[in-house]
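Quick notes on the structure that follows.
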Amino acid sequence: MAEGMGQQWVLVEMVQAFYEAPAYHLILEGILILWIIRLLFSKTYKLQERSDLTPKEKEELIEEWQPEPLVPPVAKDHPALNYNLVTGPPTHNIIVNGKECINFASFNFLGLLDNERVKTAAQKSLAKYGVGACGPRGFYGTFDVHLELEDRLAKFMKTEEAIIYSYGFATIASAIPAYSKRGDIVFVDEAVCFAIQKGLQASRSNIKFFKHNDMADLEHLLKEQEIEDQKNPRKARVTRRFIVVEGLFINTGDLCPLPELVKLKYKYKVRIFLEESLSFGVLGEHGRGVTEHFGINIDDIDLISANMENALASIGGFCCGRSFVVDHQRLSGQGYCFSASLPPVLAVAAIEGLNIMEENPGIFQILQQKCKQIHKDLLGIPGLRLVGESLSPALHLQLEESTGSREGDMRLLKEIIDYCMNRGIALTQARYLEKEEKFLPPPSIRVVVTVEQTEQELHKAASLIREAAECVLN
């Protein structure tokens, strides 16, 4: 009896609470109850009526189906599919499409490509080692000349250790992901070359681009990151931060402001990776690059990378720095671990090239004088804008006014190049993977300076480019 009275009392309380509840509360509960009832009694999906096709109908559908193309269609006249054929060595005088020209297109800055000492040393090594390595460094691909070249490069750059790669592009593209991983932060100049971009992509790090050579923009990003780190100090302690720049930017010919970068490095506790493919063997009293040019202590830079395909006129690339930093690449550098090692003949050619650079330090002053001369001569050409520092051996000429389309701009620049080539000066357009570049540079003619070009030839090239611009653009 007591139990029945208790149940009645509970029911009375529920009814009383129902009358005392706010109207909006009752409406909301009513809507929820109706929604639950609807879900319980409605079908979760509608069964589609099955329609069986006859064999004939199936065959017709199969015949009509067209697969998507594996690659997008490319015009037959695309520049990448139409080569300028070189016969003979791409030295000072080059034969292109059967025409002999003065070479203003190859990165043979110091003229070592056809040097007799280099060729003699390479021929002797060819007889001793053969033509290739046929194995990575860890699998019978390490030769004595590899170790000698690494030792020579480390001593030349005044660092503790160096490591060589068999492919220039793969050097920085392998070095970056060897250190920077997912979750790390990399501050990168917008104008960096494609090899750096691929290295960043492989690292899967958090990439923050700053405006080209704009230290104020870089410091703004560093300050923002500092504030973020203060919010989550535990994560900040395990997050690595890097700045990646080029010494001389190949896409612009600009010199990086290294002294300011070093100050920011110590102020915000980041590491600096410096890519010196264009500045190695070019800048500095002894050709050591941007650090020597600015008088920066080499130990202030965490890693220096450069290829041996420009000033040294060989193949491959190298990284140098402190031993514990460089040795990590022997375990994690993809291009080092998985690619066949540098053919010994090319390692010997690079060693002999270093010998010549050390014996003739005046060669760098000669190159700088010629860079300044061509820079001065190329200024003020009507319709063309000169891009690059006066100390850069690779300059760019861009249209002052675009036609409105990239294809139209490239067509006009090609006409200027053809005009010059028909009159004995070999130039080239800068090439880019247009759909892959993060910040696609404008079309340009690239003018490359070497020590072999005479004063008269430099004047002739500049005068001919001016003449071609006036003819084509006006």
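Candidates Phe242, Phe273, Phe318: the one that is within 23 Å of Pro361 (Cα to Cα), at pLDDT 95 or above and aromatic (Phe, Trp, Tyr) is Phe318. Inside the range 303-335, residues that are touching a Gly at 6+ places or on another chain (Cβ under 6 Å) and among the charged types (D, E, K, R) make up a count of 1.
Residue by residue, here is whether (1) outside any strand (DSSP E or B); (2) surrounded by 15 or more Cβ atoms within 10 Å (Cβ to Cβ); (3) touching a helix residue (DSSP H, G or I) at 6+ places or on another chain (Cβ under 8 Å) holds:
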position: Thr91; (1), (2), (3): yes, yes, no
position: Ile94; (1), (2), (3): no, yes, no
position: Asn108; (1), (2), (3): yes, yes, no
position: Leu112; (1), (2), (3): yes, yes, yes
position: Arg117; (1), (2), (3): yes, no, yes
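The criterion of at least 1 residues that are in contact (Cβ under 8 Å) with a residue 60 or more places away in the chain is met by the following helices (runs of 4 or more DSSP H) wholly inside the range 143-255: 144-157, 168-179, 194-203. Looking only at the range 254-285, filter to residues that are surrounded by fewer than 24 Cβ atoms within 10 Å (Cβ to Cβ) and among the aromatic types (Phe, Trp, Tyr); which one of those is nearest to Asp229 (Cα to Cα)? Here the answer is Tyr268.
Anything in the range 369-387 that is under 10 Å from Ala469 (Cβ atoms) and open to solvent by 20 Å² or more (accessible area, probe 1.4 Å)? List them, or say none. Of everything in the range 369-387, those that are under 10 Å from Ala469 (Cβ atoms) and open to solvent by 20 Å² or more (accessible area, probe 1.4 Å) turn out to be Pro382, Gly383. For the range 96-103, the criterion of being touching an Asp or Glu at 6+ places or on another chain (Cβ under 9 Å) and either more than 28 Å from Glu275 (Cα to Cα) or open to solvent by less than 20 Å² (accessible area, probe 1.4 Å) (or both) is met by at least one residue. When the range 153-177 is filtered for residues that are over 20 Å from the mean Cα position of the chain (by Cα) and farther than 17 Å from Gly138 by Cα, the ones remaining, listed by number, are Leu153, Ala154, Lys155, Phe156, Met157, Lys158, Thr159, Glu160, Glu161. In the range 433-454, the residues that are over 22 Å from Asp377 (Cβ atoms) reach residues that are open to solvent by 20 Å² or more (accessible area, probe 1.4 Å) and hydroxyl-bearing (Ser, Thr, Tyr) with C-beta atoms within less than 7 angstrom, at least six apart or across chains, in these pairs: Leu440/Tyr432; Pro441/Tyr432. Taking the criterion of being outside any helix (DSSP H, G or I) and surrounded by 10 or more Cβ atoms within 10 Å (Cβ to Cβ), the residues of the range 71-86 that qualify are Asn84, Val86.
Any residue at all in the range 298-315 that is in a loop (DSSP other than H, G, I, E, B), in contact (Cβ under 8 Å) with a residue 60 or more places away in the chain, acidic (Asp, Glu) and within 19 Å of Phe364 (Cβ to Cβ)? Checked the range 298-315: at least one residue is in a loop (DSSP other than H, G, I, E, B), in contact (Cβ under 8 Å) with a residue 60 or more places away in the chain, acidic (Asp, Glu) and within 19 Å of Phe364 (Cβ to Cβ).
Here Ile250 fulfils each of the conditions (1) out of contact with any helix residue (DSSP H, G or I) (no Cβ under 8 Å at 6 or more places or on another chain); (2) more than 23 Å from Phe109 (Cβ to Cβ); (3) not aromatic (Phe, Trp, Tyr) apart from (2).
When the range 119-142 is filtered for residues that are of a type outside the set (Val, Ile, Thr), assigned to a loop (DSSP other than H, G, I, E, B) and farther than 28 Å from Asp327 by Cβ, only Gly130 remains.
Closer than 30 Å to Glu359 by Cβ and either acidic (Asp, Glu) or surrounded by fewer than 22 Cβ atoms within 10 Å (Cβ to Cβ) (or both), is that true of Pro177? It is false that Pro177 is closer than 30 Å to Glu359 by Cβ and either acidic (Asp, Glu) or surrounded by fewer than 22 Cβ atoms within 10 Å (Cβ to Cβ) (or both).
Checked against the criterion of being under 20 Å from Phe280 (Cα atoms) and out of contact with any helix residue (DSSP H, G or I) (no Cβ under 8 Å at 6 or more places or on another chain), the range 132-140 has no qualifying residue.
A quick yes/no check of all residues on (1) more than 27 Å from the chain's Cα centre (by Cα); (2) surrounded by fewer than 19 Cβ atoms within 10 Å (Cβ to Cβ); (3) within 30 Å of Met357 (Cβ to Cβ):
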{"residue": "Gly408", "(1), (2), (3)": "no, yes, no"}
{"residue": "Glu415", "(1), (2), (3)": "yes, yes, no"}
{"residue": "Glu437", "(1), (2), (3)": "no, yes, no"}
{"residue": "Gln453", "(1), (2), (3)": "yes, no, yes"}
{"residue": "Leu458", "(1), (2), (3)": "yes, no, yes"}
{"residue": "Ser463", "(1), (2), (3)": "yes, yes, no"}
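Please tell me if Leu342 is open to solvent by less than 20 Å² (accessible area, probe 1.4 Å), more than 19 Å from Ala173 (Cα to Cα) and among the aliphatic types (A, V, I, L, M). So Leu342 does not fit the description; no.
Each residue in the range 56-70 was checked for being in a loop (DSSP other than H, G, I, E, B) and open to solvent by 100 Å² or more (accessible area, probe 1.4 Å), and 4 of them qualify.
The values are calculated or read from the model by the stated rules, or taken from the named source; none is laboratory data. No experiment lies behind these values; they were computed from the predicted model shown. Note that we place each Cβ from the backbone using ideal geometry, even for glycine, and neighbour counts take in every protein chain shown. Accessible surface areas use protein heavy atoms only, side chains included; no ligands, DNA or RNA. Shrake-Rupley method; radii C 1.70, N 1.55, O 1.52, S 1.80 Å.
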